[in-house]
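The values are calculated or read from the model by the stated rules, or taken from the named source; none is laboratory data. Everything numeric in this text was worked out from a predicted model, so none of it was measured. Here Cβ is always computed from backbone atoms with ideal geometry, including for glycine, and neighbour counts include all displayed protein chains.
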Amino acid sequence: MVRPEIILCDLDGVVWLGGTPIAGSVAAVARLRASGRRVVFVTNSSAVTIAEHTAVLAAVGIEATGDVISSATAAAALIEPGQRVLVCGGRGVTEAVQAAGATAVAGDDDAGAAGGIDAVVVGLHREFDYHRLHLAASAVRLGARFIATNLDPIYPTVNGPTPGGGAIAAAVATASGGVPVTAGKPHPPMAKAVRAMVGEPGETEQQLAARVVMIGDQVSTDGLFAVELGCRFALVRSGNTAPGAPVDLLPAYDAADLAGATVMILAGSTPTVAVAAPR
């Protein structure tokens, strides 16, 4: 069995809860890196920019420059340069849309929205309100492509679950009758972004997958993302999946937290070579 060399690590519920580090997580990342493995943070969080993700990681003791991929980045790959994109999301979505060469129209900009919208990108947006819902749904009904950064209904915090970007995407879908194309985990656009970042020249998807472990706290996103990549999955029970809760996908590693998963990975213990789950 190929030694896992690339660790894809979720943030919410794995490294931290609402920015507060989970016990042992910072040291676990350091141990993985000290062993010669690359750690890349793959998050469905789209509200903030990559620089902001990196700064928060640095503030807790994790250097992550060049090692963060968000669902906003994956969503931006679905739009074309020159398009007008209504942003129903935070700064991270605006940044990604602009980096793709498109025009980002604010989600509350009546004049901008009236000028014709090619796509609506929806993510977590803490200023989301009825007016923004009206503009986004209207644009989708008029033919704009409907893109969701992710469909996570909730994400974990120190005070319990709180609504995620998927809750806002569901509101736009209900109001517009549209079905979004989803960019983040566990969907192909995020997998494409990951392969582009960590793959080696000439390497096949199968060869890359053999070198990768995806660590996450939820089967429906992180586990199925491992399936999409064809790699091993490490489930940690420090976020959305409670200790002892049954899951419908057999992980290669099942641990209480990132520290525990790290011990298993470094020990080379794994009951399964590849993730297998129904499609």
Quiz item: Residues in the range 105-119 that are surrounded by fewer than 21 Cβ atoms within 10 Å (Cβ to Cβ) and either hydroxyl-bearing (Ser, Thr, Tyr) or within 21 Å of Ala169 (Cβ to Cβ) (or both): how many?
Solution: 5
Quiz item: Of all residues in the range 27-44, which are more than 10 Å from Val68 (Cβ to Cβ) and either aromatic (Phe, Trp, Tyr) or not in a strand (DSSP E or B) (or both)?
Solution: Ala27, Ala28, Val29, Ala30, Arg31, Leu32, Arg33, Ala34, Ser35, Gly36, Arg37, Asn44
Quiz prompt | Selected residue (only one of Gln83, Gln98 is within 30 Å of Gly143 (Cα to Cα), without any contact (Cβ under 8 Å) to a residue 12 or more places away in the chain, of a type outside the set (Gly, Ala, Ser) and surrounded by fewer than 22 Cβ atoms within 10 Å (Cβ to Cβ)) | solution = Gln98
Exercise. Pull up the range 143-202, narrow it to residues that are over 19 Å from the mean Cα position of the chain (by Cα), among the polar types (S, T, N, Q) and not in a loop (DSSP other than H, G, I, E, B), then point me to the one that is farthest from Gly223 (Cα to Cα).
Key: Ser176
Quiz item: Residues in the range 130-139: is at least one of a type outside the set (A, V, I, L, M), part of a loop (DSSP other than H, G, I, E, B) and surrounded by fewer than 17 Cβ atoms within 10 Å (Cβ to Cβ)?
Solution: no
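Table: residues versus (1) at pLDDT 95 or above; (2) more than 18 Å from the chain's Cα centre (by Cα).
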site	(1), (2)
Met1	no, yes
Ile6	yes, no
Leu11	yes, no
Trp16	yes, no
Arg37	yes, yes
Gly61	yes, yes
Ala64	yes, no
Arg84	yes, yes
Thr103	yes, yes
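So that you can scan it fast, the table gives a plain yes or no per residue for (1) touching a strand residue (DSSP E or B) at 6+ places or on another chain (Cβ under 6 Å); (2) hydrophobic (A, V, I, L, M, F, W, C); (3) assigned by TED's automatic domain parsing to the domain that holds Pro243:
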residue	(1), (2), (3)
Val15	no, yes, yes
Gly19	no, no, yes
Ala30	no, yes, yes
Val56	no, yes, no
Ala59	no, yes, no
Glu80	no, no, no
Gly90	no, no, no
Practice problem: Only residues in the range 50-61 that are in contact (Cβ under 8 Å) with a residue 40 or more places away in the chain and assigned to a helix (DSSP H, G or I) count as the first member; pair them with residues that are surrounded by fewer than 14 Cβ atoms within 10 Å (Cβ to Cβ) and charged (D, E, K, R), Cβ under 8 angstrom, at least 6 apart or cross-chain, and list the lot. | Solution: Leu57/Glu63
Quiz item: Out of (1) modelled with pLDDT under 95; (2) touching a Ser or Thr at 6+ places or on another chain (Cβ under 6 Å), the odd one out for Arg91 is which?
Solution: (1)
Quiz item: Do you know which residues across the range 101-129 are within 17 Å of Ala76 (Cα to Cα) and either without any contact (Cβ under 8 Å) to a residue 24 or more places away in the chain or outside any loop (DSSP other than H, G, I, E, B) (or both)?
Solution: Gly101, Thr103, Ala104, Val105, Ala106, Ala119, Val120, Val121, Val122
Quiz item: Any idea which of Gly223, Gly199, Gly216 is more than 28 Å from Leu86 (Cα to Cα), among the small types (Gly, Ala, Ser) and touching an Asp or Glu at 6+ places or on another chain (Cβ under 7 Å)?
Solution: Gly216
